[in-house]
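> One structure is given below, represented as structure tokens, and several questions about it will come after.
The values are calculated or read from the model by the stated rules, or taken from the named source; none is laboratory data. Keep in mind the model is a prediction, meaning the values are calculated, not measured. For neighbour counting, all protein chains shown are included, and Cβ atoms are generated from backbone atoms with ideal geometry for every residue, glycine included. The protein model used for the area step is the full one, side chains on, heavy atoms only, and it has no ligands, DNA or RNA in it. Shrake-Rupley method; radii C 1.70, N 1.55, O 1.52, S 1.80 Å.
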Amino acid sequence: MSTNLNELLKSKAINGWNLFWLITTPISLAMIVKMTRVDLSSAEGVSSMIQLAVRCAVPPLFFAFAASSLPVVFPGSISRWIARNRSYIGLCFAAAMGWQLTFILWLVGIHTDYYVNQVYVLSDVVEGVVGYTLLIGMVLTSFKFGRSRLTPKQWKLLHKTGIYWLWIYAWSVYWFNLFYYESAPLLIDYVYYLGGFLAWGLRLSAWTKKRSNADGGQNVLLLVPGVAAIGIGLVASSFGRAWSPQVYEYLFGFGIVEYLDSFTPYFPLVPFYPLLIMSLGAFLVVRSRG
Ligand code: HEM
């Protein structure tokens, strides 16, 4: 069984550019079919195209975000296949974001009033424009001509900053859909929220596993608070509506927070507080292993 799977996962048909076309062709077909079914002369129609494009983009984004950690946490042929094709999965995300950008420009250019009155928020634009700038840099440096213009350190910094910035953007959209807005969340909001959380969790697990000295002693005074912090973060990530309104009310009691929130990307980072607590927990667990 595993030999067949190994052979299959090594086949040309599902690796490299073949994998890219295997994923992006159905995405592009879905976009074209949707274009024939919505009223593109309306802002709502164009906006629904943006939504579909980004909903196709998010799964490859989360897989690209978790790809390097998967073989560390779950060694095996499937995780190696995903890690081996990380850059092509990243380019699949970029292709779907290319569709989103097309309809964003359509919305902003043709339905400007709708965009200004219904969509425009300065901090969102900063997040989005920086996101696209990083994404374009990541795409160009995924090819030899672009990569050759950066040192390996610069390349790593660009791709790490870029993938975190874009993950933060996408995942926080679903956090707000689940725990902030009054309207009832959709099933896809839960699925993408959990998917983004698991992708980040894999990175944290890989970080912890790589740095844990298995032969080292165990310092319970660090291990217990570490595990407790991870537990608290997990609960807080699952029940955001139970604590976030109070945190927002407290933070927005300070004028400076309201001022900074208007233009600073992702500020004041409330969706990420549980992840920061879990990161502190993982750090303590690693330290407890001496
Ligand atoms: C300046 C750039 C951007 C603009 C103007 C923009 C605009 C929009 C608009 C209008 C929607 C709502 C579509 C609808 O529900 O009808 C949307 C949804 C969304 N956008 Fe963007 N976007 C931008 C950049 C980005 C970037 C860089 C990402 C990163 C991955 C992203 C991720 C999302 C997500 C996750 C949704 C929610 C889709 C859903 O409802 O499931 N956007 N965007």
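> Quick one: work out Rg over Rh on the C-alpha atoms of the range 2-186, Rh as Kirkwood radius.
For the range 2-186, the value is 1.00.
> Then there's this: Whole number in Å², please: accessible area per residue of the chain, 1.4 Å probe, ligands, DNA and RNA not counted.
Roughly 56 Å² per residue, with all protein chains present.
> Which three semi-axes in whole Å describe the equivalent ellipsoid of the range 166-221, each the square root of 5 times a Cα gyration tensor eigenvalue, listed largest first?
34, 12, 9
> Check every DSSP H run in the chain and write down those whose alpha carbon atoms cover 30 angstrom or more along the long axis and whose mean Kyte-Doolittle hydropathy is 1.0 or greater.
43-66, 86-110
> Using the charge dipole of the chain (Lys, Arg: +1 at Cβ; Asp, Glu: -1 at Cβ; taken about the Cα centre), state which of 186, 162, 217 has its Cα farthest towards the positive end.
217
> Test of understanding: what is the full-extension gain from residue 235 to residue 122, defined as 0.36 nm times their sequence separation minus their Cα-Cα distance?
Separation in residues times 0.36 nm, less the Cα-Cα distance, equals 37.5 nm.
> Go ahead and run the numbers for FRET between residue 164 and residue 224, Cβ-Cβ distance against an R0 of 30 Å, rounding to 0.05.
Working from the Cβ atoms, E equals 0.50.
> What part of the accessible area of the range 212-290, given as a whole %, is carbon or sulfur when the probe is 1.4 angstrom?
Reported share for carbon and sulfur atoms: 72 percent.
> Taking the range 100-228 on its own, what percent of its Cα-Cα pair distances exceed 19 Å?
Cα-Cα pairs of the range 100-228 separated by over 19 Å account for 68 percent.
> What residues have an amide H closer than 5 Å to that of residue 150, excluding those fewer than 5 places away on the same chain, when H is modeled at 1.01 Å from N in the peptide plane?
none
> Compute the Rg/Rh shape ratio of the range 190-290: radius of gyration over Kirkwood radius, all on alpha-carbon atoms.
That ratio equals 1.07.
> Starting from the amide H of residue 68, placed 1.01 Å from N in the peptide plane, find each other amide H under 5 Å away whose residue is 5 or more places distant or on another chain.
Those qualifying (amide H under 5 Å, at least 5 residues apart or on another chain) number zero.
> What is the dipole size for the range 2-186, taken about its Cα centre, with +1 at each Lys and Arg Cβ and -1 at each Asp and Glu Cβ, in debye to the nearest 20?
Computed about the Cα centre, the dipole is about 1140 debye.
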